[in-house]
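Notes follow the structure.
Only the coordinates and a few stated rules stand behind these numbers; no lab work does. None of these values were measured; they are calculated from a predicted model. Every residue, glycine among them, receives a Cβ derived from its backbone with ideal geometry; neighbour counts consider all protein chains shown.
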Amino acid sequence: MNLVDPTGLSCTETQNGDYDCKIDIVSQDGNKKLTKEQKQFIAKFNKEYTKAFNNLIKERKNVTVGQNEFDKVGDSGFDISGSEVAINLIETKVTYEVGKTYGDALMTMAGDDRTGTQLRIYETARSIERPGDLQEHIVHEGIHGTRSERMGNPLYIIQGQSPYSDGHQKPYNDAARRLLGK
Ligand SMILES: [Zn+2]
């Protein structure tokens, strides 16, 4: 069963001006029912996605991703704004890959600003316990696929491979925290 969001946007504006964000597609094999834990996870994810998105547009921060730290992987960092990440997150197609894992990844972001982005959430993401951590992971993914990343991170073309894969974790997580105003 696929639950497809008819608007095609992951976040929609509510009457009070805040945004409401949710998973677009719950992708399941066959007719298996969601477990109670999976249903709870969807509710938790949607809540934290909504909080992260509203925080990004409220804070309106500009940060440098990987200032100093990227030197280790041959890069001097790039600038990005909270609104650019928010736009990426509003437009990305969010799929919960029910019952699936992808190595030890919690989520992956594919595509970029030219092709459109797709955020996939794996079962491993259910292990994220602190709600704040979930927000940080979502914003980290939201940096992927932006124009600023594509233009500013020379390692972009080898995304998914070493040293990018290991080297980007901390600087992206740090940037995500700062974009959230933490
Ligand atoms: Zn990443």
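The residues Tyr122, Tyr102, Tyr96, when put in order of fewest to most other Cβ atoms within 10 Å, stand as Tyr102, Tyr122, Tyr96. Ordered by the number of other Cβ atoms lying within 10 Å of each residue's own Cβ, fewest first, Ser27, Ser127 fall into the sequence Ser127, Ser27. The loop-placed trypsin sites (Lys or Arg not before Pro) in region 87-135, going by DSSP, that have at most 10 neighbouring Cβ atoms within 10 Å of their Cβ come out as Arg114. Karplus-derived 3J(HN,Hα) values for region 21-33, using 6.51 cos²θ - 1.76 cosθ + 1.60 with θ = phi - 60°, are 10, 8, 4, 7, 10, 9, 9, 10, 7, x, 10, 4, 7 Hz; glycine and proline are entered as x.
Here the contact order of region 11-179, divided by its residue count and restricted to Cα pairs under 8 Å and six or more residues apart, works out to 25 percent. Counting neighbouring Cβ atoms within 10 Å and putting the fewest first, the residues Val85, Val26, Val94 line up as Val26, Val94, Val85.
Amide H contacts under 5 Å for Val65: Phe78, Asp79, Ile80, restricted to partners 5 or more places along the chain or on a different chain, H placed in the peptide plane at 1.01 Å from N. Each residue of region 57-64 is assigned a 3J(HN,Hα), and the resulting list reads 7, 6, 6, 6, 7, 10, 10, 9 Hz, derived from the Karplus form 6.51 cos²θ - 1.76 cosθ + 1.60 (θ = phi - 60°), x at Gly and Pro.
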